[in-house]
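The values are calculated or read from the model by the stated rules, or taken from the named source; none is laboratory data. Here the structure is a predicted model, which means the values were calculated and not measured. No Cβ is skipped: glycine too gets one built from the backbone with ideal geometry, and neighbour counts run over all protein chains shown.
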Amino acid sequence: MKSMFNSMKKLFGAMACLLAAFSASAQVTVFESGREGYKSFRIPAIISLPNGELLAFAEGRVENASDFGDIDIVMKRSTDKGNTWSPLQVVAENKNMQAGNPAPVLDLTDPAHPGGRVFLFYNTGTNHESEVRKGTGLREALYVTSADGGKTWSGPVNITKQVHRPKQLGFPEDWRCFFNTPGHAMQFTSGQYRGRIFVATNHSAGDPQPKHREYQAGGYYTDDHGKTFHISSSVDIPGSNEAIATEISRGRLMMNVRNQQGNIKARIVALSSDGGARWDTAYFDMNLPDPVCQGSILTVGSHKGKAIVAFSNAADTSKRDNLTLRISTNDGLTWKRSYKIDQTGVAGNAAYSDLVMLSKREIGVLYEKNKYQQIIFTKVKWKK
């Protein structure tokens, strides 16, 4: 009898895992390479507006799939929870040069904009990353805003001198490469730092080192709705690279980071109790395997005083595949549920992703698929 019970228990457990693995809804192509005037689309980011509309952003690469060149930041809108999408709209560009790494966030605390104002942070660059690492070229940081839900956008505001430390502009730190988060930025919704907008970043400092050890993750933030900015301290792990952040319980900040060294195939986690100004601790979360790729993190609720945190990445240690959504109900300490979004066993099947909250129990996932030929949107219903 006991043997039968154990067999049934294993069967139901396997069925539960199977249901979780295939919980994603139908896939909708949002951006497709070779269409709408662009040879390639990469680096997805997505946010929701108070009226439920979704804004999906990407890099529109004009001539090829290279990370450097003629690149615009483009956007599409969905008014039906991602089932259909509007025609493409260019929201930021840099003539025939690069505008990239779209990082949108909705500011809901500015009295001057009671309906909310969208910030889109991004970078420009004058050379390939490999050359900028050597000191040849300049990366800059800018933002544009929209007070009408992304229909129209302001001109760019250059904040490079406030958030970056390049030698070309007279800074002794000699920061070279500089990237804001690929994916959404964040705003604190409660506590002492309510209203603070935080943008995760990474930079290289000084001459190139083996395995990109000169890279460090960090961030910048504003407490006055984009008038002034401050730089956070750097994460004390060499090779900490692309990063993204979210608010967890007691007004703390959790940042999830790519390990560019690749010596440990897992995500780096950094925690801050002062709104992202400094880092209390940083460690590898071995429950979050990673092949050296970008990931996304988003707080989607609370449970017993702890933040419910969603995390997505290519959960494979050797290739960009096995896109997985994980749910934590205890501030990201453990990951109780796991939902497989896309896996084929082919390298490059699923890469960068970003998350958006659709409802209390539904998350939208915008991600790169099919060796960067498409950016796909899908939905996942999750359980505690």
Subset tally (residues that are surrounded by 23 or more Cβ atoms within 10 Å (Cβ to Cβ) and in a loop (DSSP other than H, G, I, E, B)) for segment 165-183: 3
Selected residue (criterion: nearest to the chain's Cα centre (by Cα)) from residues of segment 321-331 that are free of Cβ contacts under 8 Å to residues at least 60 places away in the same chain and farther than 24 Å from Gly82 by Cα: Ser328
Residue list for segment 328-346, filter: among the charged types (D, E, K, R) and over 15 Å from Gly305 (Cα atoms): Lys336, Arg337, Lys340, Asp342
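Of everything in segment 288-310 that's of a type outside the set (Val, Ile, Thr) and not in a strand (DSSP E or B), which residue is farthest from Gly195 (Cα to Cα)?
Here is the first cut: in segment 288-310, the ones of a type outside the set (Val, Ile, Thr) are 288-291, 293-296, 298, 301-307, 310.
Subset that is not in a strand (DSSP E or B): 290-291, 293-294, 304-305.
Numbers: Asp290: 32, Pro291: 34, Cys293: 30, Gln294: 26, Lys304: 24, Gly305: 20 Å.
Step by step, filter segment 288-310, then rank; the result is Pro291.
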Residue check, Asp285 more than 19 Å from the chain's Cα centre (by Cα) and either within 18 Å of Thr329 (Cβ to Cβ) or part of a loop (DSSP other than H, G, I, E, B) (or both): no
Of all residues making up segment 184-213, the number that are touching a helix residue (DSSP H, G or I) at 6+ places or on another chain (Cβ under 6 Å), surrounded by fewer than 24 Cβ atoms within 10 Å (Cβ to Cβ) and not in a loop (DSSP other than H, G, I, E, B): 0
Cys177, sole failed condition from (1) touching a Ser or Thr at 6+ places or on another chain (Cβ under 6 Å); (2) farther than 30 Å from Leu88 by Cβ: (2)
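Looking only at segment 232-284, which residues are of a type in the set (Val, Ile, Thr) and buried (at least 17 other Cβ atoms within 10 Å of the Cβ)? So that I can check it myself, show each step before the final result.
Let us first name the residues in segment 232-284 that are of a type in the set (Val, Ile, Thr), namely 235, 237, 244, 246, 248, 257, 264, 268-269, 281.
Answer for segment 232-284, where residues must be of a type in the set (Val, Ile, Thr) and buried (at least 17 other Cβ atoms within 10 Å of the Cβ): Val235, Ile237, Ile244, Thr246, Ile248, Val257, Ile268, Val269.
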Near pairs, Cβ below 6 angstrom, 6+ apart or cross-chain, from segment 332-356 (under 26 Å from Arg42 (Cβ atoms)) to any residue that is surrounded by fewer than 16 Cβ atoms within 10 Å (Cβ to Cβ): Lys340/Ala21; Gly348/Lys371
From the options Ala347, Ala314, Ala310, residue that is over 19 Å from Pro182 (Cβ atoms), among the small types (Gly, Ala, Ser) and at pLDDT 95 or above: Ala347
Residue list for segment 146-159, filter: out of contact with any His (no Cβ under 7 Å at 6 or more places or on another chain) and either crowded, with 18+ Cβ neighbours inside 10 Å or of a type in the set (A, V, I, L, M) (or both): Ser146, Gly150, Trp153, Pro156, Val157, Ile159
